[in-house]
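Read-outs: derived from the displayed coordinates by stated rules, not from any lab. Just so we're clear, the structure is a prediction, and the values are computed from it rather than from any experiment. Reconstructed Cβ throughout: ideal geometry from the backbone, glycine too, with neighbour counts over all protein chains shown.
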Amino acid sequence: MNRLKSFLLVIFVSTISLAVAGCSAETKGIIYVVVETEYGEIEVGIDSVRAPITSANFLKYVEGGFYAGGSFYRTVTMDNQPDNDVLIEVIQGGINPERRDHAFPPIVLERTNKTGILHRDGTISMARGGPDTATAHFFICIGDQPSLDFGGNRNPDGQGFAAFGRVVRGMDVVKKIQTAPAEGQQLTPPIKIISVRRK
């Protein structure tokens, strides 16, 4: 009987150890950041392993305090894209405009076909014009947005956008911002970002 108990104990401990190891592997390289807005908090897990360049760039702005005094200023809904054939749903935010002249140089575009981080509900990604032009402005997806991935046709160049993490808490705040008063795609007034900080 004692042997059986010992055997079962070994199996139990081994199972727990494997489960913990699996959880550690899944969360390895994820850095949690809290975006505090006047509407509430949005917590984001930044994937520094799969999107190292984009993550490091975003965290430089976070650590430099660039987002304090910034805002979510753009909302894209199914009803305010009259000039687009490919429709998306996102909110877009950026740094304090007074810090704009001190922004870091643009970064290389980490394409989704390389990182494997797709534009799904809650994904955070970098706004850009052409490839390799992203600096500090970012957006959060509401619903899955495959047209923003590599090969997608929201941007005519087909290169997609650099996704680098996802919302883990606060999608209710994201949706509240998306439905705030707006003129076209411009939030009126913009939703203030109080701070962005590592958790």
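Computed quantities for the displayed model
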| read-out | value |
| --- | --- |
| Net +/- balance of residues flanking ILE46 in space, Cβ distance below 11 Å, scoring K and R +1, D and E -1 | +2 |
| For ARG74, residues with placed amide H under 5 Å, excluding near neighbours | GLN92, LEU187 |
| Nitroxide proxy distance, nm - points 7 Å out along Cα→Cβ at ARG197 and ASP172 | 2.3 nm |
| The range 32-109: GluC sites (Glu not before Pro) falling in loop per DSSP and having at most 14 other Cβ within 10 Å | GLU38 |
| Residue-count net charge about CYS141 - beta-carbon cut-off 11 Å; Lys, Arg +1, Asp, Glu -1 | -2 |
| Surrounding net charge for THR112, when Lys and Arg each add one and Asp and Glu each subtract one, Cβ distance under 14 Å | +2 |
| Solution diffusion estimate, µm²/s, Stokes-Einstein, the chain, Kirkwood Rh from C-alpha pairs, 25 °C, viscosity 0.890 mPa s | 136 µm²/s |
| Contour excess over end-to-end distance, with Cα ends at THR188 and ASN96 and 0.36 nm allotted per residue | 31.5 nm |
| Inter-label distance, nm, simple model (7 Å from Cα along the C-beta direction), MET78/ILE53 | 3.6 nm |
| J(HN,Hα) series, the range 180-193, from Karplus relation 6.51 cos²θ - 1.76 cosθ + 1.60, nearest Hz, glycine and proline x | 5, x, 8, 10, x, 9, 8, 5, 10, x, x, 8, 5, 9 |
| Residue-averaged 222 nm ellipticity for the chain, from DSSP H runs of 4+ at -39500 (n - 2.57), nearest 500 | -8000 deg cm²/dmol |
